[in-house]
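See below for the structure under consideration.
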Amino acid sequence: MASILERVTHKIENHERLTREDALALFQARDVIGLGRLADQVKRARWADRAHFVINRQINPSNVCVLSCRFCDFATKRGRPNAYEMTIHEIVERLHPDLREVHIVAGLHPDWKWEFYLDMFRAIKQRVPQIQIKAWTAVEIDYFSKKFRLSVEDVLEQLRAVGLSALPGGGAEVFSERVRKALFPFKIGAPRWLEIHRIAHRLGIPTNSTLLYGHMETYEERVDHILRLRELQDETGGFMSFIPLAYQPGKTQVVARQTPATEDLKTVAIARLLLDNFPHIKAYWVTMGEESASVALHFGADDIDGTIGEERIMHAADAASPVSLTRGRLVELIRETGCVPVERDALYHTLRVYDDAACESPVS
Ligand code: V47
């Protein structure tokens, strides 16, 4: 009988879609290298040897949050020693003219007014007019809608009017009611997360998607999550990328340690094979680490995110990665894998292809 890899290879060659059963069998397959090779072929058919990155800055304006999700080491309450809140001035002074993307995600702040969020974007655009703002997860959009009594459409349209370009993919965690009840019972679940992304896509706002894995979810739950994203993408076509986020256990005691590299690489590869309608699979170096992220570029990923500058969510959970990488390091990291670095903007427009190593001057 043919192995699962042979069966899946046959399906891919015949442009047949992979099923839930295929994906579950791939998670059990022992031939991780063969799986990676197959995902790499699929990636190469789309992107050849290109690998994307972005000159970006992450800003997490506050960790004060009305929720207290069990898996999260970032959120806290006002008055606690680790609580912080940035002013608009403090946000804006983190930006510089070379940036193409600012990625903003925070806690669900109990007191900030709607005008504060709008003024934040106005000030960002005033400081760096060409920057693209990728901000607020579906969880935050839902919170704004309820707190400020606006429809989701109004929230998104008003944010777009002051500079929003795209939504990040966070807040999805894992689309399992079982896990939600255990780890984030007061956060929106799958139907609302998907609905908000559907609305964004309908309004022409592209979005990303994530999966938080490596805690208490099963392979079935991981696969169901990815398939629900595939289903919405069939309907709207509005997702740019899928980002598997390896859980950083921090001090939460949800699990003892982070998933091993093989698990991260399998998840990237299976996502690339299942998500035949997604342009990009991102190996997020902050959670995977630079080493696994670079190997992931041979396991189906075509993107490694960006310079970041500062990251507080994963680092509150003791992520071992640095908080920032330079453009030069990202270019080098991609080149070391044999891929061609492609600098992109937040919407994946190509800005520069680093295809001539010989005439490259050192990049900062
Ligand atoms: O929703 C929280 C996750 C997400 C931990 O769209 C954790 O390009 C691992 O939205 N270990 C927010 N993950 C991050 C996010 C994101 C990140 C990178 C790229 C993009 C993009 C979006 O971070 C949350 C949650 O799922 N998270 N705590 C943790 N300890």
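Per-structure values
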| item | result |
| --- | --- |
| Tabulated pairs, segment 319-344, first free of Cβ contacts under 8 Å to residues at least 40 places away in the same chain, second open to solvent by 50 Å² or more (accessible area, probe 1.4 Å) and part of a loop (DSSP other than H, G, I, E, B), C-beta under 8 angstrom, 6+ apart or interchain | THR326/SER364; GLY328/PRO362; GLY328/SER364 |
| Check on ARG198, under 26 Å from TYR348 (Cβ atoms) and among the charged types (D, E, K, R) | yes |
| Answer residue from segment 258-283, given it is within 14 Å of the ligand (Cβ to nearest atom) and of a type in the set (D, E, K, R) and is farthest from PRO244 (Cα to Cα) among those | GLU263 |
| The listed residue being within 19 Å of the chain's Cα centre (by Cα), surrounded by fewer than 22 Cβ atoms within 10 Å (Cβ to Cβ), away from the ligand (no atom under 14 Å from the Cβ) and part of a helix (DSSP H, G or I), out of ARG160, ARG228 | ARG228 |
| Tabulated pairs, segment 52-64, first of a type in the set (S, T, N, Q) and modelled with pLDDT of 95 or more, second open to solvent by 10 Å² or more (accessible area, probe 1.4 Å) and not in a loop (DSSP other than H, G, I, E, B), C-beta under 8 angstrom, 6+ apart or interchain | ASN56/HIS103; GLN58/HIS103; ASN60/ILE313; SER62/GLU85; ASN63/ALA316 |
| Filtered residues of segment 163-184 (kept if free of Cβ contacts under 8 Å to residues at least 40 places away in the same chain, under 19 Å from THR252 (Cα atoms) and over 18 Å from the mean Cα position of the chain (by Cα)) | ARG180, LYS181 |
| Residues located in segment 165-191, provided they are of a type in the set (A, V, I, L, M), surrounded by fewer than 18 Cβ atoms within 10 Å (Cβ to Cβ) and in a loop (DSSP other than H, G, I, E, B) | none |
| Members of segment 1-30 found to be touching a residue at least 24 places away in the same chain (Cβ under 8 Å), out of contact with any helix residue (DSSP H, G or I) (no Cβ under 6 Å at 6 or more places or on another chain) and either closer than 28 Å to VAL331 by Cβ or not in a helix (DSSP H, G or I) (or both), listed by number | SER3, ARG17 |
| Count of segment 231-265 residues which are in contact with a helix residue (DSSP H, G or I) (Cβ under 8 Å, 6 or more places away or on another chain), crowded, with 20+ Cβ neighbours inside 10 Å and over 25 Å from HIS315 (Cβ atoms) | 3 |
| Where PRO260 falls short, out of the listed (1) under 15 Å from the mean Cα position of the chain (by Cα); (2) farther than 23 Å from ARG180 by Cα | (1) |
| Yes/no for GLY300 being surrounded by 19 or more Cβ atoms within 10 Å (Cβ to Cβ), away from the ligand (no atom under 13 Å from the Cβ), at positive phi and modelled with pLDDT of 95 or more | yes |
| Number of positions in segment 76-119 that are β-branched (Val, Ile, Thr) and within 16 Å of the ligand (Cβ to nearest atom) | 4 |
| Residue within segment 5-22 that is surrounded by fewer than 15 Cβ atoms within 10 Å (Cβ to Cβ) and under 30 Å from GLU343 (Cβ atoms) present | no |
| Considering residues of segment 56-103 that are open to solvent by 70 Å² or more (accessible area, probe 1.4 Å) and among the small types (Gly, Ala, Ser) only, the residue nearest to the chain's Cα centre (by Cα) | SER68 |
| Residue among VAL286, VAL255, VAL223 that is in a helix (DSSP H, G or I) and either farther than 14 Å from LEU211 by Cβ or within 16 Å of the ligand (Cβ to nearest atom) (or both) | VAL286 |
| Whichever residue in segment 206-220 is within 12 Å of the ligand (Cβ to nearest atom), assigned to a loop (DSSP other than H, G, I, E, B) and more than 12 Å from PRO244 (Cβ to Cβ) and, among such residues, is farthest from the chain's Cα centre (by Cα) | HIS215 |
| Residue match in segment 336-353 (condition: farther than 30 Å from LEU18 by Cα, in a helix (DSSP H, G or I), away from the ligand (no atom under 16 Å from the Cβ) and not hydrophobic (A, V, I, L, M, F, W, C)) | yes |
| Criterion: closer than 23 Å to ARG272 by Cα, open to solvent by less than 30 Å² (accessible area, probe 1.4 Å) and more than 12 Å from the ligand (Cβ to nearest atom) - qualifying residue of HIS197, HIS201 | HIS201 |
| Flag for GLN233 being within 30 Å of LEU347 (Cβ to Cβ), in a helix (DSSP H, G or I) and either of a type in the set (S, T, N, Q) or within 10 Å of the ligand (Cβ to nearest atom) (or both) | yes |
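The values are calculated or read from the model by the stated rules, or taken from the named source; none is laboratory data. Please read all numbers here as calculations on a predicted model, not as lab measurements. Virtual Cβ from ideal backbone geometry, glycine too; neighbours counted across all protein chains shown. Ligands, DNA and RNA are stripped out before the accessible areas are found, and what is left, the full protein with its side chains, is counted by its heavy atoms. Shrake-Rupley method; radii C 1.70, N 1.55, O 1.52, S 1.80 Å.
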